[in-house]
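One structure is given here, and the rest of the page talks about it.
The values are calculated or read from the model by the stated rules, or taken from the named source; none is laboratory data. Given the structure is predicted, the values throughout are model-derived calculations rather than measurements. Glycine gets a Cβ as well: all are built from the backbone with ideal geometry, and neighbour counts include every protein chain shown. With ligands, DNA and RNA removed, areas are computed over all heavy atoms of the protein, side chains included. Shrake-Rupley method; radii C 1.70, N 1.55, O 1.52, S 1.80 Å.
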Amino acid sequence: ALLAGESDEAFRVASRAPLSALSPNTRRRVAEILNALAESDIASGQLTLARNTALRAGHFWTDSLNHKILARISLGESDTPAAVGHLLSALKLSGADPQANYLTGKILFSQARFSEAKPHLQSAYAGRISASGVSDAGRYTPADLPLMLGRIHYVEKTFSMAYALLNEYAQDPANQVPSDVLEMLARSAVAGGRPGDALDWFDRRLVIGDDE
């Protein structure tokens, strides 16, 4: 039924059969379809339905995607501890997953748990995460990762590392450089003993102003 595209019939048959009677490929395929339905439910704001569908998917096959979907649902329900739990489960299955690392790092950063957030954000930055799949954590722009990492370095008083990371981002002509990045660059330059660079970044910050 799966090969014929008859998903409803496949679910009916698969739900009646014991898992041991289903091949791994069948279980994985059923889970893939259910996970896709859960993501569609999330997009339409039907979080309860999405959770039920995602839990059904996990019954057939548990992977990092399933945990990330459950984490997104938990975030939508403002259940941050549950979201972190699902994300950590996803990372146990796929430790380099950039989306799971980004979401975990952003949540921990928002709680000022900087030492815990740092390795997750570094992993996401190394993977050059895109905005796809992370919008459920709130606003996302490409500057978010270097900015959060820069602020962690600033708090840790590793000002040269903060400056180097943010400067690398700002010097890339493909990147838009928002005012908060310019301000953190200037502050890092001041703290790191680079007054000339600090003045340049503050000047750029003043040109942009508060309206970008």
Highest mean first, how do 172-181, 101-110 rank when packing is the count of other Cβ atoms within 10 Å averaged over residues? 101-110, 172-181
Probe radius 1.4 Å, ligands and nucleic acids ignored: give me the carbon and sulfur share of the accessible area of the stretch 142-212 as a rounded percent. 53
Which net charge results when you count Lys and Arg as +1 and Asp and Glu as -1 among the other residues whose beta-carbon is under 15 Å from that of R187? -1
What is the local net charge at T62, summed over the other residues whose Cβ is closer than 11 Å to its Cβ (Lys, Arg +1; Asp, Glu -1)? +2
